[in-house]
Amino acid sequence: MSEDYGPVIRVIRHDEVSENTPQTAGITRFVAIDGNTVGAKKLWFGLFKNYPGANSGRHHHGEAETAAYIAKGHFRVYYGENFEKFVELGPGDCVFIPPYLPHIEVNTGPDECEGVLARSPDNIVVELD
């Protein structure tokens with residue numbers, strides 16, 4: 001293990017996860033692990049909630065690679081030149097969104113969608129609307 005991080009394992013408890021991270025409309029992101037919380041240098045890790053009928057608006061995540069695991073609910077991720085393409089996601093699905101890819105997340109179900117997000121190098125959010 002690199003001495004840059006120190007010789008400790010950090011635990012982020014559920015009551016320490018916060019909304020103090022870049023956001024877009026329609027989705028709430030909760031940061032657990034990043035440079036501020038544990039000193040991570042190449043990783044942002046957190047949770048998200050997407051509310052029924054909510055639309056994130058057009059955005060991308062700059063240089064960050066994004067991976068998500070859907071734990072609850074259903075939503076679509078629209079992309080493409082005119083956002084004409086989409087993928088459907090539900091419980092147990094994982095998705096990868098490449099850097100700089102404009103997209104829109106829309107909750108298509110009657111319930112909240114919840115899941116886990118990982119980004120590298122950070123939670124970059126660039127709104128396009």
Counted residues, region 113-128 - those being among the acidic types (D, E) and either at pLDDT 95 or above or surrounded by fewer than 16 Cβ atoms within 10 Å (Cβ to Cβ) (or both) | 2
Go through (1) free of Cβ contacts under 8 Å to residues at least 24 places away in the same chain; (2) surrounded by fewer than 17 Cβ atoms within 10 Å (Cβ to Cβ) and name the single condition A32 misses.
-> (2)
Of the listed residues (A54, A64, A40, A71), the one being within 23 Å of E127 (Cβ to Cβ), among the aliphatic types (A, V, I, L, M) and free of Cβ contacts under 8 Å to residues at least 60 places away in the same chain is A54
Among the residues of region 36-51, count how many are surrounded by 14 or more Cβ atoms within 10 Å (Cβ to Cβ) and either small (G, A, S) or closer than 25 Å to F75 by Cβ (or both).
-> 10
Taking region 103-122 as the region of interest, how many residues are over 16 Å from G26 (Cα atoms) and touching a Lys or Arg at 6+ places or on another chain (Cβ under 7 Å)?
-> 2
Of the listed residues (F96, F83), the one being among the aromatic types (F, W, Y) and either within 18 Å of P22 (Cβ to Cβ) or more than 12 Å from the chain's Cα centre (by Cα) (or both) is F83
Neighbours by Cβ (under 9 Å, 6+ apart or cross-chain): first from region 108-129, basic (K, R); second buried (at least 16 other Cβ atoms within 10 Å of the Cβ) and assigned to a strand (DSSP E or B) = R119/W44; R119/F45; R119/G46; R119/T66
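For region 1-20, what are the residues that are in a loop (DSSP other than H, G, I, E, B) and either in contact with a helix residue (DSSP H, G or I) (Cβ under 7 Å, 6 or more places away or on another chain) or of a type in the set (S, T, Y) (or both)? First the steps, then the outcome.
Start the filter on region 1-20 by keeping residues that are in a loop (DSSP other than H, G, I, E, B), which leaves 1-2, 6-13, 17, 19-20.
The one that is in a loop (DSSP other than H, G, I, E, B) and either in contact with a helix residue (DSSP H, G or I) (Cβ under 7 Å, 6 or more places away or on another chain) or of a type in the set (S, T, Y) (or both): S2.
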Please work out if P110 is assigned to a loop (DSSP other than H, G, I, E, B) and under 14 Å from the mean Cα position of the chain (by Cα).
-> no
Listed residues E63, E3; which is over 15 Å from L117 (Cα atoms), surrounded by fewer than 19 Cβ atoms within 10 Å (Cβ to Cβ) and at pLDDT 95 or above?
-> E63
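The values are calculated or read from the model by the stated rules, or taken from the named source; none is laboratory data. Please read these numbers as outputs of a predicted model, since none were measured by experiment. So basically every Cβ, Gly included, is an ideal-geometry build from the backbone, and we count neighbours across all protein chains shown.
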